[in-house]
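Structure first, commentary second.
Where a number appears in this text, it was derived from the coordinates with a stated rule and is not lab data. What you see is a predicted model, and the numbers here were worked out from it, not measured in a lab. Positions of Cβ are backbone-derived with ideal geometry, glycine not excepted, and every protein chain shown enters the neighbour counts.
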Amino acid sequence: MRAAASGERGVVYRFADCSLDARTLELIVRDAVVRLEPKPLDLLVYLLRQAGEVVTKDELQDGVWPGRILSESVLTKTMAKLRQGLGDQDQQIIKTVHGFGYRLVAPVTVEVVGPVRSVPRLDLSAGQTPPLRPHWRLVESIGGGGFGEVWLAQHDKTGERRVFKFGLDAAGLGALKREITLYRVLRETHGERPDITRLLDWNLEEAPYFIESEYANGGSLAHWAQARGGLATIPLEQRIALMAQAAEALAAAHAAGVLHKDLKPSNLLVHVGDGGTPQIRLADFGSGRVIDLARIEQLEITRMGFTRAQGADDPTSGTPAYFAPELLAGQQPTAQTDVYALGVILYQVIVGDLSRPLAPGWEREVDDELLREDIADAAAGAAAQRLTDAAELARRLRELDARRDTRSRQRAEAAERARARAEAETLRHELDRARLRRRWATGVAAVFGLASVVTAALLLQVRAARDTAQAAGDRAEREAAVARTVNAFLVEDLLGQANPLRSGAADLSVRALLDAAAAEAGTRFDGRPEQESAIRLAIAQAYAGLGALDPAQEQLERTLAIATAPPSIREGAQLAQAQLWVTRDQTGPATALLAELGTSADVHVRLRARLLQATIDFYAWRFDVALAEIDAVKPELIALTGATSPDAARVIGLRAEVLRQLQRFDEALAEGKAALDVLTRLYGEDDVRTLPGLTAVSTVLAEAERFDEARPYMARRHSLSTRVLGAEHDETLGTGGDDITGVR
């Protein structure tokens, strides 16, 4: 046993079936003490301190045999002795990376068992001249850490200021070399950037070693804020703008393949330009890492100091308050661990306190819901739920005002839809009562469905009219007048056709009523494109519901030919056209049209387009693709339209069908029953519109060979379809009657 020559801190490393006490260098392999020579032990310590990273042969020679020139065979023999001691001939603990060096691949945990050694200090004081810099004077100490001291210096003649970071020991020298290498990677990738601190010069020849960087006149973020009365006194908009700059700088580093690994407020510097506008500068890459070593080779940059010794409890290897949970669990750092630290800083900046931890209940301290979402997404505890790109966080912060407007508009649209649905439902009840009063109105069911669609669409036009405050009153009244006019056409003129005293027929069919409406719409609403387009869209949808696809196509074409049709009507017609194409197996044009609708400004249209595309994937037997899209759309669509809406029933029912095809019968049955429950709540048990839910449940049960459970649903479906649609209708014939084998 001997003390670690490197002065290692009081930690015990545990890896594979081994442990190493860094204070005494006692190595235990599978519960047995293994005695190794000093150099293999020092080599192991060096690799453990960079677990998961590729350590080059040059770095190992510098770290384990400092100051000596060795042949490569010395390192090879030392590694062979270490492998023998660990029993690692199959390289499950230490991998050879051909052409570079070695990498310790076994998971490593670190247990602190003793006090941290005191950090050596340089004998520096204000007024001194740094070595090799005769015209510069140290002004004041502005920071320090486990590997160095940071001083502000000023030029004797020009008065220019720079920051000098000094290395205290061999580890500090390694940190300086690493920072130089990473800065060169950033500069070769992006050129000089105002948001990344520039390195101007360095001294690696004579102790004390140092690097020179540009001076940020505002100091660190904390120092700059304190000089202005505290972070909380600075306008929130300015704080958010600074964090957007920080996110953009971090995104640039990640784009160059560089991880920061020690993101915290003291490494976010503020420089105030001549115009008084503060600019964030990302600083101190001494703990950083290049994600891909080949990147350095491609840029023809020397890998000096690239992998330096770094203890698990080293303050410059990360600050615990900003550690992502996966780092604490022993996983390797990634771009997402940097994003986590940025999310914590964003929270602190928003609440105006850089010392406040991100503790449970933090959401109550952030009033803005969008900022709450941004913090939650950036600092999510589970890496899989966290933002993967700092640039996305920057974009969100830059577009915060526009996002607020969008969120407000979406809520207003949802409220208008709810009001439209309520008014349409009122109309439906009025028409229901009319049906009970008039024995000749046998086609009213389709007509009130038609009226509901048109009323809802026109009321959404009223919503759109309210977007512009100045024109709100006039346009809203105009659109309300349109709605009244169209409803009068449906209720008075169209229903009037069902009166035998007017039509001369004792019992008109729904198809006959629709034909009459289609014939009269063009003349009745000549010169009024808004009313005509709404009526024709509703007639087209009613035709499609009856299976009359050619008349439906004609009405859709006439709707889309009306150039001045409102956007809500035009997009509704495009969705109906895509659905019609799907019905006719014309999936090519349907997919192209749905892609166009996927960029609509109306979130409801976008979601319905995605759901219809999932239907296409379902029909094409791409069940996994369809299910993934449905699972993405379902929560958004239900949140937008409500848990008991036709859209909710549609997406739940489609999911049941996909799960059935995947033979996940239990899940499919649960979804089918959920869809049936929504339809029953909407329309009642005896309404023909519950047939899709009955079909979903009975089909799943039949395919699962649970025939006794399927039979009641099958009988109910057959009875309802026969009574409403007739014995010869395709839907009725597909129910199979009392024969369970006929269910489809």
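For segment 540-648, trypsin sites (Lys or Arg not before Pro) meeting the loop criterion (DSSP other than H, G, I, E, B) and having at most 16 other Cβ atoms within 10 Å: R584, R622.
What is the local net charge at L370, summed over the other residues whose Cβ is closer than 13 Å to its Cβ (Lys, Arg +1; Asp, Glu -1)?
Numbers: positive: R372, R395, R396, R398, R403, R404, R407, R411; negative: E363, D367, D368, E369, E373, D374, D377, E399, D401, D405.
Summing Lys/Arg as +1 and Asp/Glu as -1 gives -2.
With R₀ fixed at 41 Å, the C-beta to C-beta distance from E685 to L662 puts the FRET efficiency at about 0.90. For K165, the lysines whose Cα falls under 22 Å of its own Cα, not counting residues fewer than eight places away in the same chain, are K157, K177, K261, K264.
Go through segment 615-680 and name the chymotrypsin sites (Phe, Trp or Tyr not before Pro) that are in a DSSP coil and have 15 or fewer other Cβ atoms within 10 Å of their Cβ. Intermediate values should be presented prior to the final figure.
Values: sites: F618, Y619, W621, F623, F665; in loops: W621.
Filter output for segment 615-680: W621.
For K673, a cut-off of 23 angstrom between C-alpha atoms picks up these lysines, skipping any fewer than 8 places away in its own chain: K634. When you count the other C-beta atoms within 10 angstrom of each residue and take the mean per peptide, 348-354, 153-159 line up highest first as 348-354, 153-159.
Given an 8 Å cut-off on Cα distances and at least 6 residues of separation, report the relative contact order of segment 166-237 as a percent. Walk me through the numbers before you get to the answer.
Working: 51 pairs, mean separation 18.5, N = 72.
Computed over segment 166-237, the figure is 26 percent.
Excluding same-chain neighbours fewer than eight residues apart, the lysines reachable from K81 by a Cα-Cα span under 24 Å are K39, K57, K95.
Fewest-first ordering of W581, W202 by other beta carbons within 10 Å of each residue's beta carbon gives W202, W581.
About the centre of its Cα atoms, segment 11-112 shows a dipole size close to 160 debye [charges on the beta carbon of Lys, Arg (+1) and Asp, Glu (-1) only; nearest 20 debye].
Sequence gap at least 6, Cα distance under 8 Å: using those rules, report the relative contact order of segment 11-112 to the nearest whole percent.
Numbers: 140 pairs, mean separation 36.6, N = 102.
The normalised contact order for segment 11-112 reaches 36 percent.
Arranged from highest to lowest average of other beta-carbon atoms within 10 Å per residue, in what order do the peptides 127-136, 593-602 appear?
Working: 127-136: 13.7, 593-602: 15.2.
In descending order of packing, they fall as 593-602, 127-136.
Short-range pairs are left out: with C-alpha atoms under 8 Å and at least six residues apart, the relative contact order of segment 136-398 is 20 percent. With R₀ set to 60 Å, the beta-carbon distance separating R706 from V33 gives a calculated FRET efficiency near 0.40. When you filter the GluC sites (Glu not before Pro) in segment 621-699 for DSSP loop state and at most 13 other Cβ atoms inside 10 Å of their Cβ, you are left with E685. Peptides 702-713, 42-53 ordered by packing proxy, namely the average of other Cβ atoms within 10 Å per residue, highest first: 42-53, 702-713.
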